[in-house]
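J.: Below is a structure I'd like to ask you about.
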Amino acid sequence: MQAPLIELTSITKRFPGMTALNNVDFSIEPAEIVCLAGENGSGKSTLIKVLSGIYRPEQGRLVFDGEEIATLSPREAIARGVQVIYQDFSLFPNLTVAENLALSRFLGEKRQLMNRAEARRIGQEALDRLGVSIDLEAEVGSLSTADRQLVAIARALMSPVRLLVMDEPTTALTGREIDRLFALVREIKAKGIAVLFVSHKMREMLEISERIVIFRNGRKVAEGSTADFTEGSITKAMTGQDIGGERYEGPASDAPIRLAVSGLSVPGRVEDVSFSLRSGEIVGLSGLLGSGRTELALALFGLSPDHGGRIEIDGHAIEAKDVNAAIDAGIAYVPEDRLSEGLFMTQSIARNINAGVIDRLSSGPFVDKTAFSQAAEDTVSSLRIATPGIEKAVGLLSGGNQQRVVIGRWLQTGPKVLILNGPTVGVDVGSKAEIHRQLRKLAVENGLAVLMISDDVPELIQNCNRILLMHRGRLIDEIQAVGVEEDDIHARLKGLD
């Protein structure tokens with residue numbers, strides 16, 4: 001019987017005040033695709049850093065190809081064939097594709113000057129191995145997320161690779177791009193390379209992996225063939241509880257219209273879009289990359305002052321020509337990228353929550369510290385944000401709690417319409433369920449109208465009354481969520497390709 005490629009036994013890793021990995025066993029066979037699942041803080045990232053030599057465990061055994069390793073450094077892990085592609089891809093956005101692909105080789109050879117012709121040759125060879133075509137002279141920062149990911153994979157495969165670790169690789173990808181990635185992962189497996197795939201998305205786990213390993217609170221709680229799991233069993237293992245898949249019923253059909261959009265256009269991006277949202281309604285918006293859905297949201301929020309058409313809130317026309325006008329009219333927008341667009345990562349949780357209502361919490365030039373703290377505490381309590389204290393930096397929170405901070409900030413403004421762009425991207429299943437519960441509660445109790453932009457089809461089906469599909473800047477379909485199945489919507493989205 002062939003020995004595992006990598007075998008970890010009784011691994012324990014501690015940090016001050018917590019045990020990140022507690023007596024964990026983990027192995028992966030050559031050319032095996034394994035999915036590692038678990039909520040944020042379950043120990044997944046710590047395990048990856050042990051595998052890649054970044055963390056040294058306090059106890060346990062590391063065995064590569066049957067050889068026990070006393071200590072493992074990042075350099076030795078790479079030499080043994082371990083490559084990790086993190087969520088940010090670790091690329092240089094101001095360098096070209098060729099330069100990104102050739103840089104590690106040039107640095108390894110201790111070169112001081114960049115040979116552009118050779119960089120192009122090296123880059124072309126790397127892309128040819130994957131069978132993909134990307135402009136070698138394009139700056140990486142100008143590429144789509146999918147193409148940046150391909151560059152990161154190509155770079156990882158330039159050195160002898162035996163285990164490729166992919167950390168949340170589909171977070172910002174659409175359905176078509178995910179299909180392309182999965183085909184590539186299977187090609188990598190066919191070349192004899194093992195793949196450790198980290199994901200929060202149940203459907204993806206079941207589709208791409210051969211074996212699933214689930215962590216909870218630093219322990220391995222479930223492991224087995226993918227065929228032995230269902231979405232429900234994965235969720236229960238990850239969270240320790242059953243999270244229902246009930247659908248949101250929504251308001252009565254005669255509920256008052258909160259948002260009415262007529263003939264909205266943004267030159268070159270959105271064309272003649274009309275729709276409405278009723279009080280208490282959650283409406284989904286989906287479409288392929290470049291469909292215009294984000295541009296539509298930005299126009300509603302006053303970030304595309306060149307837009308045309310008519311926008312009404314509670315029957316009154318508004319001029320959403322800038323953000324302040326949109327906020328004053330009762331529109332709030334939670335952006336797609338909470339890290340770069342939604343949060344001040346080094347600032348306190350309280351400051352992030354109250355950033356939009358400082359004037360309301362001030363008396364003249366001075367902030368009312370008591371009111372400031374109370375407003376933040378009230379938001380933390382109502383949205384069930386798990387914090388180490390409101391004065392701590394928001395960057396210390398998990399992804400799900402960070403997202404609730406962003407939502408809480410905009411709820412402080414008392415909106416009538418809440419636009420959510422990718423509301424649970426990169427959020428674990430437990431936090432996702434809590435965010436959904438809070439949104440439903442706000443819709444029912446406050447009459448909030450919600451526009452939910454998402455690629456997550458189960459999220460749309462479970463939380464929306466209707467789902468709108470966009471393609472090439474136009475609304476091309478409206479689906480009643482009652483009775484519709486995931487495969488129906490996936491088929492419609494693929495039909496837009």
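J.: List the residues whose amide H sits under 5 Å from the amide H of Asp428, counting only those 5 or more places along or on another chain, with H placed 1.01 Å from N in the peptide plane.
T.: Excluding prolines and chain starts, which carry no amide H, the hits are Asn40, Gly400.
J.: List every residue whose amide H lies under 5 Å from the amide H of Phe215, counting only residues 5 or more places away in sequence or on a different chain, with H placed 1.01 Å from N in the peptide plane.
T.: Ala37, Gly38, Val221
J.: Give me Arg293, Arg105 ranked fewest to most by other Cβ atoms within 10 Å of their Cβ, as a rough exposure proxy.
T.: Starting with the residue having the fewest Cβ neighbours, the order is Arg105, Arg293.
J.: Right, next: Fewest to most neighbouring Cβ within 10 Å: what's the order for Ser265, Ser225?
T.: The most exposed by this proxy come first: Ser225, Ser265.
J.: What is the distance, in nm, between label points placed 7 Å from the Cα along the Cα-to-Cβ direction at Ala117 and at Ile54?
T.: For Ala117 paired with Ile54, the spin-label model returns 3.9 nm.
J.: Assuming 0.36 nm per residue, please report the length gained on full extension of the stretch Asp135 to Ser104 beyond their Cα-Cα distance.
T.: Difference between extended and current length: 9.2 nm.
J.: DSSP beta bridges in the range 257-494, what fraction antiparallel, as a percent rounded to 5?
T.: For the range 257-494, the DSSP antiparallel bridge percentage is about 55.
J.: In whole Hz, with x marking every Gly and Pro, tabulate ³J(HN,Hα) for the range 413-429 from phi via Karplus 6.51 cos²θ - 1.76 cosθ + 1.60, θ = phi - 60°.
T.: My calculation for the range 413-429 gives 7, x, x, 9, 10, 10, 9, 10, 9, x, x, 10, 4, x, 9, 6, 5 Hz in order.
J.: I'd like the orientation of helix 369-382 relative to the chain: the angle between its Cα long axis and the longest Cα principal axis, in ° from 0 to 90, rounded to 10.
T.: 70
J.: Hey, with R₀ at 56 Å, roughly what FRET efficiency would Asp306 and Val444 work out to, going by the Cβ-Cβ distance, to 0.05?
T.: After rounding, the FRET efficiency stands at 0.95.
J.: Related question: So what are the ³J(HN,Hα) numbers for the range 116-133, from phi and the Karplus equation (6.51, -1.76, 1.60; θ = phi - 60°), rounded to whole Hz, Gly and Pro as x?
T.: My calculation for the range 116-133 gives 5, 5, 5, 4, 5, 5, 4, x, 5, 4, 5, 5, 4, 4, 8, x, 10, 10 Hz in order.
J.: Out of all DSSP beta bridges with both ends in the chain, state the antiparallel percent to the nearest 5.
T.: Taking every DSSP beta bridge within the chain, about 55 percent pair in antiparallel fashion.
J.: Ok, one more. Go through Lys110/Lys189; Lys49/Lys189; Lys441/Lys494; Lys189/Lys432; Lys191/Lys494 and tell me which ones have a Cα-Cα distance over 26 Å in this structure.
T.: Lys110/Lys189; Lys441/Lys494; Lys189/Lys432; Lys191/Lys494
J.: Just report the Cα centroid separation between the range 2-74 and the range 225-257, whole Å.
T.: If you average the Cα positions of each part, the centres end up 31 Å apart.
J.: Within the set of other residues whose C-beta is less than 15 Å from the C-beta of Asn446, count the net charge using Lys and Arg as +1 and Asp and Glu as -1.
T.: Around Asn446, the surrounding residues sum to +2.
J.: Let me ask something else about it. Looking only at the range 6-239, where both bridge partners belong to it, what percent of the DSSP beta bridges are antiparallel (to the nearest 5)?
T.: 55
J.: Which net charge results when you count Lys and Arg as +1 and Asp and Glu as -1 among the other residues whose beta-carbon is under 11 Å from that of Val425?
T.: -3
J.: Taking 8 Å as the Cα distance limit and 6 or more residues as the minimum spacing, I'd like the relative contact order of the chain as a percentage.
T.: 15
J.: Report the chymotrypsin sites (Phe, Trp or Tyr not before Pro) located in the range 33-131 that are in a DSSP loop and have at most 16 other Cβ atoms inside 10 Å of their Cβ, or state none.
T.: Tyr86
J.: Set the Förster radius R0 to 25 Å, insert the Cβ-Cβ distance between Leu289 and Gln124 as r into 1/(1 + (r/R0)^6), and round the FRET efficiency to 0.05.
T.: Once rounded, the FRET efficiency stands at 0.45.
J.: At a Förster radius of 60 Å, what calculated FRET efficiency corresponds to the Cβ-Cβ distance of Glu210 and Ser373, to the nearest 0.05?
T.: It comes out at approximately 0.75.
J.: Per Stokes-Einstein, at 20 °C and 1.002 mPa s, what whole-number D in µm² s⁻¹ belongs to the range 257-494, with the Kirkwood radius over Cα pairs as the hydrodynamic radius?
T.: The estimated diffusion coefficient comes to 117 µm²/s.
J.: I've got another one for you. Which residues' amide hydrogens lie under 5 Å from the amide hydrogen of Asp368, considering only partners 5 or more residues apart or on another chain, with H built in the peptide plane?
T.: Here Ser362, Ser363 satisfy the definition.
J.: Moving on. Quick one: compute the contact order of the range 257-494, relative version, from alpha carbon pairs under 8 angstrom and 6+ residues apart, as a percent.
T.: 28
J.: If one takes the longest principal axis of the Cα atoms in the chain, at what angle in degrees, from 0 to 90 and to the nearest 10, does the Cα axis of helix 97-108 lie?
T.: With both axes taken from Cα atoms, the answer is about 40 degrees.
J.: For the Cα atoms of the chain, what angle does the longest principal axis make with the long axis of helix 175-190, in degrees from 0 to 90, nearest 10?
T.: 10
J.: Starting from the Cα-Cα distance between Tyr86 and Arg176, subtract it from 0.36 nm times their residue separation and give me the gain in nm to one decimal.
T.: 30.3 nm
J.: Defining a contact as two alpha carbons under 8 Å apart and six or more residues distant in sequence, what relative contact order in percent does the range 272-376 show?
T.: Relative contact order comes out at 15 percent.
J.: Could you give me the ³J(HN,Hα) list for the range 27-37, computed from phi with Karplus coefficients 6.51, -1.76, 1.60 and θ = phi - 60°, whole Hz, x at Gly and Pro?
T.: 9, 8, 8, x, 6, 10, 9, 10, 9, 9, 10
J.: Turning to a different aspect of this structure: Principal axes first, then extents: for the Cα atoms of the range 71-132, list largest minus smallest coordinate on each axis, whole Å, largest first.
T.: Computed over the range 71-132, the largest-to-smallest principal extents equal 39, 28, 22 Å.
Each value in this text was obtained by applying a stated rule to the coordinates, not by laboratory testing. Not measured: the values here are computed from a predicted model. Here Cβ is always computed from backbone atoms with ideal geometry, including for glycine, and neighbour counts include all displayed protein chains.
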